[in-house]
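K.L.:
Here you go, one structure.
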Amino acid sequence: MLFRSSFPVSFRLFVLPLVLGAGAVAAQPAAAPPDTARSYRHHLGLTASPQLDQFFTANRSLPIGLLYRHQTRPSRAWRVRVVGRYDFDQGTAPLLVGRAYETSILQSEFAGGLERNVRLSPRWQAYAGAETGVRYSAWRTRYKEYTTNVEVFNPGYPSTRTTVVLDGIRKEQLLGMFLQPYAGIRYQLARCISAEIESAFPFYFYRFTYKENAKAYDTKTGLDLFGAGPIGVKGDNTFYKFSGKYLPICRIHLVYLF
C-alpha cells in the first residue's frame with residue numbers, strides 16, 4: 001500500500017536543506033577553549049622587587065626591570081633578568097635643625113639562571129630554579145649643617161660669635177656577586193599573559209666602600225675651621241661581607257608569552 005504525504009512539495013523542498021544542514025553542524029566538533037596549557041618558547045615581561053613595608057603605599061624603592069625566559073623544553077627554561085633604579089631626593093632633615101641635603105641613589109642588577117616548572121592545572125604552574133649574577137649600588141649625599149651662635153677663637157683676635165657651616169659629601173658603593181635559589185607560582189591570566197610571584201634565598205658576597213669628607217667654615221669670614229678643633233669629618237673605609245637572607249616575596253612578574 002502506498003501512502004501519499006500530506007505536505008506540499010514546496011514545503012518539503014524548504015525543510016529538507018534545514019534538516020541536512022543541522023545534521024552537518026551537529027557532526028562538527030565543538031570549538032576548543034583557549035589553549036592555556038600550551039608551552040610558549042619566549043617569555044618577556046616586567047619584574048619588580050617590592051619591599052613589604054611599603055608595598056601598598058607610595059613606594060619609591062621599587063626597582064623595576066625586564067625578564068626574558070627561553071623555554072627549551074616544556075619543563076625547563078633559561079632566564080635572564082636586568083633590574084635598575086635611580087632616585088634623587090633633596091630637602092631638610094626633619095630631626096635636625098638647620099640641615100639641608102641632596103641624595104642620589106643608583107642600583108643595578110644582572111642575573112641569569114636555569115629553572116624547571118611543573119604544570120598543576122591548565123592555568124597554574126609551579127617552578128623552581130637558581131640564578132647567579134652581579135649587583136652594583138651607589139649612594140651619594142651632599143649635606144650642609146648650620147650651627148648658629150658659635151663662639152670662634154682666632155689667634156690674635158677677640159672671640160666672635162657666628163654661624164658655622166659643616167659642608168660635606170658622603171659616598172657609599174656596594175659591588176657584589178650572588179647565588180640565588182628561588183621558587184614561585186605562575187597563573188595564566190589569558191592565553192598569552194601570565195602573572196608570577198616568587199620567593200628566594202640569596203647568598204651575597206660583596207665589597208662595601210664608604211668615603212666622607214667635610215669641612216667647617218665661618219660664614220662671616222669664610223675661614224676654614226677644619227684644623228681649629230674636632231670640627232670636620234674625614235672617613236674612608238672598605239670591608240667585605242658574606243650574607244644570606246630568606247625573602248618570602250622577592251619578586252613579582254607580569255609576562256607576555258609568544
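K.L.:
Please sort 171-181, 118-128 by packing, taking for each peptide the average over its residues of neighbouring beta carbons within 10 angstrom, highest first. Display every interim value, and only then the final one.
P.N.:
Numbers: 171-181: 16.4, 118-128: 14.1.
For the peptides 171-181, 118-128, the packing ranking is 171-181, 118-128.
K.L.:
Please give, to one decimal in nm, the separation of the simple spin-label points placed at Asp167 and Leu189, each 7 Å out from Cα toward the Cβ.
P.N.:
Once both label points are built, they end up 5.1 nm from each other.
K.L.:
Order the peptides 242-254, 133-145 from the highest to the lowest mean number of other Cβ atoms within 10 Å of their residues.
P.N.:
Averaged packing, sorted descending, gives the order 133-145, 242-254.
K.L.:
Using a Förster distance of 30 angstrom, determine the FRET efficiency expected from the C-beta separation of Arg140 and Leu44, and round it to 0.05.
P.N.:
After rounding, the FRET efficiency stands at 0.35.
K.L.:
Any idea how far apart Lys220 and Ile252 come out in nm if each label point goes 7 Å out from Cα toward Cβ?
P.N.:
5.8 nm
K.L.:
Can you give the FRET efficiency for Ser75 and Ala100, using 1/(1 + (r/R0)^6), R0 = 41 Å, r = Cβ-Cβ distance, to the nearest 0.05?
P.N.:
0.15
Coordinate-derived values only; no laboratory data. All of these numbers come straight from a predicted model, not from anything done at the bench. So basically every Cβ, Gly included, is an ideal-geometry build from the backbone, and we count neighbours across all protein chains shown.
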